[in-house]
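The structure under discussion appears below in the form of structure tokens.
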Amino acid sequence: PRGAVLTGSGTTGTLVTGNPIGTDHTGTVAVPNSGAGIEINAAPGNIIGGAGASQRNLISGNGSIGIYVNGSNATGNVILGNLIGTDVFGLTALGNGSSGIDISSAPANLIGETFPGAGNVISGNGGIGVSISFSGATANQVQGNWIGTNATATGAIPNAADGVQIFAAPGNTI
């Protein structure tokens, strides 16, 4: 089983907010699925999370990637204000099995923003915090996030590998 899956170019404008994905209802115990917490496959213009506390998703404890964005049509997706790899308080690790966010061959997606509450906490994952890879993954922006820290930026919650890794993906902004 997998978490939420958004697939195909007709899957646009979907809003995923306020969910515990990969945890129990308390947000402190992992209840993993075998795949990614959220998969966006060739689906454009979706919003995962938001700047308000009630819009935030807890995406932790999943068997694979926290959020996987894949394919040249997966463009214009926005990922804001989520806790990815921590408990519901953002203070301890409850990591996903591999990367927190993986963007593969997908262009022009936004990970975090600089206004209050819009940055993601991407910490405690079993791989890279944010991975952007392959030639189609251009013009993505990663900004305003806490990567490898707790939600208050007062302590470390390291990812098992790099905080941000870009592989064969030109023209991205970190």
Other-chain or far-sequence residues with amide H under 5 Å of residue 146's (modelled H): 120, 121, 122
Among 4-10, 91-97, 60-66, the order from most to least packed when residues are scored by Cβ within 10 Å on average: 60-66, 91-97, 4-10
From phi via Karplus (6.51, -1.76, 1.60), per-residue ³J(HN,Hα) for region 103-118 in Hz, x at Gly/Pro: 9, 10, 6, 10, x, 6, 10, 10, 10, x, 7, 8, 7, x, x, 8
³J(HN,Hα) computed for each position of region 36-52 - Karplus, 6.51 cos²θ - 1.76 cosθ + 1.60, integer Hz, glycine/proline x: 6, x, 9, 10, 10, 10, 6, 10, x, x, 9, 10, 10, x, x, 6, x
With 10 Å bins from 0: P(r) over region 74-174, alpha-carbon pairs, percent: 19, 49, 28, 3
Phi-based couplings in Hz for region 77-92 (Karplus 6.51, -1.76, 1.60; Gly and Pro marked x): 7, 10, 10, 10, x, 8, 9, 10, x, 10, 6, 4, 8, x, 10, 9
Amide H partners (placed H, <5 Å) of residue 5, local residues excluded: 39
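Over the Cα atoms of the chain, compute the convex hull volume and normalise it per residue, giving Å³.
Numbers: hull volume 15.3 nm³, N = 174.
Given the Cα convex hull of the chain, per-residue volume reads 88 Å³.
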Residue-normalised accessible area of the chain, given per residue in Å² at a 1.4 Å probe: 39
With every protein chain in place, region 102-169: carbon and sulfur % of accessible area (1.4 Å): 59
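The values are calculated or read from the model by the stated rules, or taken from the named source; none is laboratory data. Model, not experiment: these values are computed from the prediction. As a convention, Cβ positions derive from the backbone with ideal geometry for all residues, glycine included, and neighbour counts pool all protein chains shown. The accessibility values were calculated without ligands, DNA or RNA, using every heavy atom of the protein model including side chains. Shrake-Rupley method; radii C 1.70, N 1.55, O 1.52, S 1.80 Å.
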